[in-house]
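*Asks:* Following this message is one structure expressed as structure tokens.
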Amino acid sequence: MTLYGIPRTTIDVDIQISSTEDNIRHLIHGLEKAGLKLDSEDFLPLVVRPELLYGQCISFSIPKGPQLIDVFLEKPKDFTELLRSSRKIKFGDFNLRVADLNEIRRMKLEIGRPIDLADVALIDEFLEITGEGGSGTGSSPGC
């Protein structure tokens, strides 16, 4: 939301990946190499059966510190659709792939926690002000 210009303070980052065994293993290895700790290793035996992890969320934290990254594991087909509707946003020297704001709204509605519903209100206000309008449909899990 922040990358779109919506004022929202948070310390964590939500990412989504195509849930394949290689993607999950690379993600875990890369984030652990960066010094982050997987919050729950209970699901690790299931990595060889990624279809059992579709719709799940795994989190990474600074050891003995706050949670920094939530990773949503998507069906490869669903991820392809999310990627197709995503946008590239310039962030410093990087181009980041960011879910379309309507997709973010849809996911937050599905999750339905009070903080997510407050985010939906912020997104709606932003879309009204900018004239982008519209809302997504579909489903996604929450951490």
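*Asks:* What's the total number of residues in segment 69-99 that are among the charged types (D, E, K, R), part of a strand (DSSP E or B) and more than 23 Å from residue 29 (Cα to Cα)?
*Replies:* 3
*Asks:* Identify the residue in segment 70-111 that is under 12 Å from the mean Cα position of the chain (by Cα) and over 23 Å from residue 132 (Cβ atoms) and, among all such residues, is surrounded by the fewest Cβ atoms within 10 Å (Cβ to Cβ).
*Replies:* 70
*Asks:* Then there's this: Restricting the first residue to segment 78-99 and requiring it to be farther than 20 Å from residue 19 by Cβ and touching a residue at least 40 places away in the same chain (Cβ under 8 Å), which pairs with a second residue that is of a type in the set (A, V, I, L, M) and assigned to a helix (DSSP H, G or I) meet a Cβ separation below 6 Å and a spacing of at least six or different chains?
*Replies:* 89/3
*Asks:* From 62, 111, 104, 24, which residue is in contact (Cβ under 8 Å) with a residue 60 or more places away in the chain and at negative phi? First the steps, then the outcome.
*Replies:* On the way: 62 fails: in contact (Cβ under 8 Å) with a residue 60 or more places away in the chain; 111 fails: in contact (Cβ under 8 Å) with a residue 60 or more places away in the chain; 24 fails: in contact (Cβ under 8 Å) with a residue 60 or more places away in the chain.
From the options 62, 111, 104, 24, the qualifying one is 104.
*Asks:* Scan segment 122-143 for residues that are modelled with pLDDT of 90 or more and surrounded by 12 or more Cβ atoms within 10 Å (Cβ to Cβ) and report the count. Write out each step before concluding.
*Replies:* Taking segment 122-143 as the starting set, the residues that turn out to be modelled with pLDDT of 90 or more are 122-129.
From what is left, the residues that are surrounded by 12 or more Cβ atoms within 10 Å (Cβ to Cβ) are 122-124, 126-127.
Result for segment 122-143: 5.
*Asks:* Of the residues that sit in segment 13-49 and are surrounded by 14 or more Cβ atoms within 10 Å (Cβ to Cβ) and small (Gly, Ala, Ser), which one is farthest from residue 78 (Cα to Cα)?
*Replies:* Selected residue: 19.
*Asks:* Right, next: Hey, among the residues in segment 16-52 that are in a loop (DSSP other than H, G, I, E, B) and under 20 Å from residue 96 (Cα atoms), which one's nearest to the chain's Cα centre (by Cα)?
*Replies:* Result: 19.
*Asks:* Which of the numbered conditions does residue 55 fail, given that it passes all the others? Conditions: (1) in contact (Cβ under 8 Å) with a residue 60 or more places away in the chain; (2) part of a loop (DSSP other than H, G, I, E, B); (3) in contact with a Ser or Thr (Cβ under 6 Å, 6 or more places away or on another chain).
*Replies:* Checking residue 55 against (1) in contact (Cβ under 8 Å) with a residue 60 or more places away in the chain; (2) part of a loop (DSSP other than H, G, I, E, B); (3) in contact with a Ser or Thr (Cβ under 6 Å, 6 or more places away or on another chain), the one that fails is (3).
The values are calculated or read from the model by the stated rules, or taken from the named source; none is laboratory data. In this text, all values refer to a predicted model and were calculated from it rather than measured experimentally. Cβ sites come from the backbone with ideal geometry, for glycine too, and all protein chains shown count toward neighbours.
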